[in-house]
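What follows is a single structure, written as structure tokens, with notes after it.
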Amino acid sequence: GDSVTQMEGPVTLSEEAFLTINCTYTATGYPSLFWYVQYPGEGLQLLLKATKADDKGSNKGFEATYRKETTSFHLEKGSVQVSDSAVYFCALSDIRTGRRALTFGSGTRLQVQP
Amino acid sequence: KAGVTQTPRYLIKTRGQQVTLSCSPISGHRSVSWYQQTPGQGLQFLFEYFSETQRNKGNFPGRFSGRQFSNSRSEMNVSTLELGDSALYLCASSLSGDLETQYFGPGTRLLVL
């Protein structure tokens, strides 16, 4: 079945450092890919998405490119802020399988220090 | 426009009891999905409802059930609670099940003692 693998956390960075969180996936079809963010005590917020190969999703300075050849969707940000501290989840969906559900990775906790 | 609301936000139950959680979707949204979040298993899909019908179901035992009302509000029920049911239960709504426009609520945190 479909699966998502994320790098283990926590990732600890200083403010203004460059961020990369790795995400790879396994899917039988052609999934859409998502990054969600969860701030302490809150639900999930959609950060960005990409629906086909070579698409680049971007939002709030975060970017991720759908790489079909490496089955990856790595999250990047050029300069992190303390306010970016949260848990980040990579996820996929493949509606063509008939299953309207997200398959999530295990999450990566990001801690940004001033 | 109000977001997805879930009630209650926190709940404590004992083993063997049953519990009902409620989710009110964004106005106009007809699809409601439920997820369970635990430290050990992560985020797992429970089920999805659309127009009062269950369209998709995850791999959970029959103790987990749900329903959707004509106003799109949804409830999920867990019977005969086990310690392992302690989790954050998240509800998400979308217009028609389109995952690209899905919005999550803040969750209900259930603790089973």
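The values are calculated or read from the model by the stated rules, or taken from the named source; none is laboratory data. Computed from a prediction, not measured in an experiment: that's the story for all the values here. When we count neighbours, we look across all protein chains shown, and the Cβ atoms used for this are built from the backbone with ideal geometry, even at glycine.
Residues of region B:1-17 being modelled with pLDDT under 95 and either in contact with a helix residue (DSSP H, G or I) (Cβ under 9 Å, 6 or more places away or on another chain) or basic (Lys, Arg) (or both), which ones?
Listed by number, the list holds a single entry, B:LYS1.
Residues that are of a type in the set (A, V, I, L, M) and more than 23 Å from B:SER94 (Cβ to Cβ): find the strands (runs of 3 or more DSSP E) completely inside region A:1-95 holding 1 or more of those.
A:11-14, A:19-21
Conditions: (1) on the phi < 0 side of the Ramachandran plot; (2) more than 14 Å from every other protein chain (Cβ to nearest Cβ). A:THR71 meets all but one. Number of the miss?
Of everything listed in (1) on the phi < 0 side of the Ramachandran plot; (2) more than 14 Å from every other protein chain (Cβ to nearest Cβ), A:THR71 misses just condition (1).
Could you say whether any residue in region B:56-74 is part of a strand (DSSP E or B), within 28 Å of A:VAL37 (Cα to Cα) and at pLDDT below 95?
Looking for residues that are part of a strand (DSSP E or B), within 28 Å of A:VAL37 (Cα to Cα) and at pLDDT below 95, one finds at least one in region B:56-74, hence yes.
Based on this model, can you work out whether A:SER32 counts as at pLDDT below 95, of a type in the set (Gly, Ala, Ser), in contact with a strand residue (DSSP E or B) (Cβ under 6 Å, 6 or more places away or on another chain) and more than 26 Å from B:ARG9 (Cβ to Cβ)?
Yes; evaluated as a whole, the condition is true for this residue.
Quick check on region A:101-109. Is at least one of its residues over 12 Å from the mean Cα position of the chain (by Cα) and free of Cβ contacts under 8 Å to residues at least 24 places away in the same chain?
Yes: one or more hits.
What do you reckon, is A:PHE89 within 9 Å of the chain's Cα centre (by Cα) and within 12 Å of chain B (Cβ to nearest Cβ)?
Considered against the rule, which asks whether it is within 9 Å of the chain's Cα centre (by Cα) and within 12 Å of chain B (Cβ to nearest Cβ), A:PHE89 comes out as yes.
So, in region B:40-55, how many residues would count as being surrounded by fewer than 19 Cβ atoms within 10 Å (Cβ to Cβ) and within 22 Å of A:GLN38 (Cβ to Cβ)?
4
Quick check on region B:70-101: of everything there that is within 14 Å of chain A (Cβ to nearest Cβ) and under 14 Å from the mean Cα position of the chain (by Cα), which residue is surrounded by the fewest Cβ atoms within 10 Å (Cβ to Cβ)?
The qualifying residue surrounded by the fewest Cβ atoms within 10 Å (Cβ to Cβ) is B:LEU88.
State all residues of region B:93-113 that are closer than 25 Å to A:LEU48 by Cβ, in contact with a helix residue (DSSP H, G or I) (Cβ under 9 Å, 6 or more places away or on another chain) and assigned to a strand (DSSP E or B); if no residue qualifies, say none.
B:SER94 - this is the single residue of region B:93-113 that is closer than 25 Å to A:LEU48 by Cβ, in contact with a helix residue (DSSP H, G or I) (Cβ under 9 Å, 6 or more places away or on another chain) and assigned to a strand (DSSP E or B).
Being modelled with pLDDT of 95 or more, of a type outside the set (Ser, Thr, Tyr) and touching a Cys at 6+ places or on another chain (Cβ under 8 Å) is the requirement here; does A:LEU110 meet it?
The answer is no for A:LEU110.
On the basis of being at positive phi, surrounded by fewer than 21 Cβ atoms within 10 Å (Cβ to Cβ) and at the interface with chain B (Cβ under 9 Å from one of its Cβ atoms), does A:GLY41 make the cut?
yes
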